[in-house]
Structure formats: structure tokens, C-alpha cells
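What follows is calculated from the coordinates using simple rules that are stated; it is not laboratory data. Keep in mind that what you see is a predicted model, and the values were worked out from it rather than measured. As a convention, Cβ positions derive from the backbone with ideal geometry for all residues, glycine included, and neighbour counts pool all protein chains shown.
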Ligand SMILES: [Mg+2]
């Protein structure tokens, strides 16, 4: 199937792309990814690289990507932590007071919330905000549970229950959220993919409009479905988790299917 003709993407002004399985795979760049980013930068395309991982700040993430051979400017990174901070900033803007957040997470999340004007506190918070971390403690989880039972709203950066590591899977935000849900009977509001909220805030950041924006991803149940729900042109790459024969199992289809981002370089 040859669908990556030049005409297919000529109306696309802005690009959103997933990271794992699209640009990188276990700390190695996927062939074509570096060239695609270079081309976007060289032609001043408006684009953002999206990740549901809320552990790193954009600066840390840019450094990590650089170490694995991919040059992505930090202003072109959009994490679920940034999306969550934007969401909360918008939620509290008419209250006349800064939002108060108790955070279970790392610098990626605390920095984003700080920069969005939130107060980080364990006293009388409006929100308990859960993100990715490697240092959960029983005391912190207990605190979060008691604050939610006391009326704080429960927010999570992303639904992923596991993340990858070289030694095997790691429990991720969704797994800890499940623990807190079991103890409180409260479900979190989750900002990251597949919530199209993640795409809408990304598009606001680069002043993108849905009719002229494309989303590239390797997962049908997150990247593609959320892209469709946000009204975007969707591009499924087969360099990650999805095989071509998997596509028909879903009740929706991407606009375009390509083997990898290498097939997009000449059309963007
Ligand atoms: Mg992916």
C-alpha cells in the first residue's frame, strides 16, 4: 500500500507526533526520525513531540533524546505533565486564587505546576495530582488517599499502567492510580492520551487548527483514536506496537498508514 504521496500531506501546517514507537525505540532512534525532526526545524514547521510520561521536564527530556541521537528542541516537547498543568491553570483561572496541589510525582510535574502558577502544598489542597515517579512511599500514598477522602479532586497525568525498562516492566501512573482508587472509591480525571485534551492543549501552544494538523502515532487505541476525536488527520506508523493486520480489529481507521516516519520525510 503506497499512500504517502506528496498530495496527501500538502494541507498539513502543523504536526503532532508520539515519541515511543514513532521516533525512538528503547533509547534508539527509529530510522528517519532524526531527518524528519531536522526537516521540520529547517522549514520552521510548527510541531510538538508528545509523551504521556510526566517524569521529565522538557529540558531533561531533550537532553535524554539528544543522548540517544535525536535533536528535539525543548520547546517542541509536550508532556502529560505540561498538559495537566495547562488544564489546572484553565480550571482555576476564574476562582480568583491560585490552585493548591498535593503532588505525587517528579520534577517534570512539579516544575510544570509551579510554572502554571500552582501552589504545591500538603495542607488543604484543591487537587491531588498524580504523575510518574520512581520513589513512591507508603506515607505519600496514604497522604494522597486521606486528602482525596477529605475532598481534594483526584487528577492523574496519564493512564499507562506499566512503562518499559531494560530489566522489564515498571509500574506506572495508572497502576498507582488504581491503588488510590481502590482505597478511596474515587476515579482520577486523566489528562494524558487517549484524552484528546492532551492534543487540544498542544495545539493551543503552537496555534494549530484541527483541519490543518496531523497526529503521528503507533497505537490505535491512544494516538489514533484521540487524534480522530480531536478532528485531526491521523497517521499510523507500523514501526511500533501495531502491525498492519491489527488495523481491521478496531472500529476506526487512521487517515494514513505508513511503515515508519522515514516514509513521511519527503512529504512534509
Ligand atoms: Mg507510542
(request) Taking the chain as the reference, fit the longest principal axis to its C-alpha atoms, fit the long axis of helix 138-149 to the helix C-alpha atoms, and give the angle between the two in degrees, 0 to 90, nearest 10. (result) 80 degrees
(request) Subtracting the Cα-Cα distance from 0.36 nm times the residue separation, let me have the gained length for residue 221 to residue 115 in nm, one decimal. (result) 35.0 nm
(request) Apply the Debye scattering formula to the chain, with a single equal point scatterer on each alpha-carbon and no solvent, then give log10 I(q)/I(0) at q = 0.09 Å⁻¹. (result) -0.41
(message) Only bridges whose two residues both fall in the range 95-190 count here: according to DSSP, what percent of them are antiparallel, nearest 5?
(response) 15 percent
(message) Taking the 0 to 90 degree range and rounding to the nearest ten, how far is the long axis of helix 173-184 tilted relative to the main principal axis of the chain, both from C-alpha atoms?
(response) 30 degrees
(request) Can you tell me the 0 to 90 degree angle between the C-alpha axis of helix 58-67 and the longest principal axis of the chain, rounded to 10? (result) 50 degrees
(message) Explain nothing, just the number: relative contact order of the range 95-190, from Cα pairs under 8 Å at least 6 residues apart, as a whole percent.
(response) 24 percent
(message) Connecting C-alpha atoms closer than 10 Å in a GNM of the chain, tell me which of 223, 122, 160 has the biggest fluctuation.
(response) 122
(message) If packing is taken as the average number of other Cβ atoms within 10 Å across a peptide's residues, how do 62-70, 78-86 rank, most packed first?
(response) 78-86, 62-70
(message) Assuming 0.36 nm per residue, please report the length gained on full extension of the stretch residue 59 to residue 252 beyond their Cα-Cα distance.
(response) 65.9 nm
(request) Could you sort 177-184, 234-241 so that the peptide with the highest average Cβ count within 10 Å comes first and the rest follow in order? (result) 234-241, 177-184
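Rounded to the nearest 5, what is the percent of antiparallel bridges among the DSSP beta bridges in the chain?
Approximately 10 percent, going by the DSSP bridge assignments.
Arranged from highest to lowest average of other beta-carbon atoms within 10 Å per residue, in what order do the peptides 147-157, 189-199 appear?
189-199, 147-157
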(request) Within 10 Å of each residue's Cβ, count the other Cβ atoms and sort 146, 249 from fewest upward. (result) 249, 146
(message) Between residue 138 and residue 74, how high is the FRET efficiency from 1/(1 + (r/R0)^6) when r is the Cβ-Cβ distance and R₀ = 30 Å? Nearest 0.05.
(response) 0.30
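What number, in percent, do you get for the relative contact order of the chain if the mean sequence gap of Cα pairs under 8 Å and at least 6 apart is divided by its residue count?
Relative contact order of the chain: 23 percent.
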(message) Can you say what percent of the DSSP beta bridges in the range 145-268, counting only those with both residues inside, are antiparallel? Round to 5.
(response) 20 percent
